[in-house]
C-alpha cells in the first residue's frame, strides 16, 4: 500500500426511500415507473381499502362495491405473486404494457400470467 496524491471522492448517497419509491417491497427496479392498475371485486374491496400497500397508491371506489387500486411501480417481481394471491377477486387492468388480463381466468394457470408479466 502506498499514499498517492489522488483524493477519494465520495459519491452522493441516495436515501433508501428514494431508491424504493417505485418498489412494491424491497426489490430495486431499474426501469421507468409504470402504473399497475387493479380492480378488486366487492368481496375483497374492504380488505384492500384498509391497507396502505404503497406510499403513492391511488384508490377509487367503483360501482357495485368494487375498487380500483393504482400502484406506481418499476418492477413486477414482487407484485406478481401478490396479485395471484387475490385469485378470482382481482382483475389486472394494466400492468407494464399488458392490458386487461383477468386473474379469474389466469389464477388456475399461474404460469400463463407469469409469462404475460415477465415476457
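Which residue pairs have Cβ atoms under 7 Å apart, sit 6 or more places apart or on different chains, and have a first residue in the range 37-53 that is in contact (Cβ under 8 Å) with a residue 60 or more places away in the chain and on the phi > 0 side of the Ramachandran plot and a second that is assigned to a loop (DSSP other than H, G, I, E, B) and surrounded by fewer than 12 Cβ atoms within 10 Å (Cβ to Cβ)?
Partner pairs satisfying both residue conditions: none exist.
Return only the number of the condition from (1) touching a helix residue (DSSP H, G or I) at 6+ places or on another chain (Cβ under 7 Å); (2) surrounded by fewer than 11 Cβ atoms within 10 Å (Cβ to Cβ) that residue 42 does not satisfy.
Failing condition for residue 42: (2).
Select from the range 71-86 the residues that are in contact (Cβ under 8 Å) with a residue 12 or more places away in the chain and either assigned to a helix (DSSP H, G or I) or over 16 Å from residue 44 (Cβ atoms) (or both) and list them in ascending order.
72, 73, 74, 75, 76, 77, 78, 79, 80, 82, 83, 84
Okay, residues lined up against (1) assigned to a loop (DSSP other than H, G, I, E, B); (2) crowded, with 17+ Cβ neighbours inside 10 Å; (3) more than 18 Å from the chain's Cα centre (by Cα):
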position	(1), (2), (3)
3	yes, no, yes
7	yes, no, yes
11	yes, no, yes
14	yes, no, yes
25	yes, no, no
29	yes, yes, no
35	no, no, no
47	no, no, no
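Under the condition of being modelled with pLDDT under 85, assigned to a helix (DSSP H, G or I) and touching a helix residue (DSSP H, G or I) at 6+ places or on another chain (Cβ under 8 Å), which residue from the range 87-112 is farthest from residue 45 (Cα to Cα)?
112
The values are calculated or read from the model by the stated rules, or taken from the named source; none is laboratory data. In this text, all values refer to a predicted model and were calculated from it rather than measured experimentally. Because the Cβ atoms are built from the backbone with ideal geometry, glycine has one as well, and the counts that use them run over all protein chains shown.
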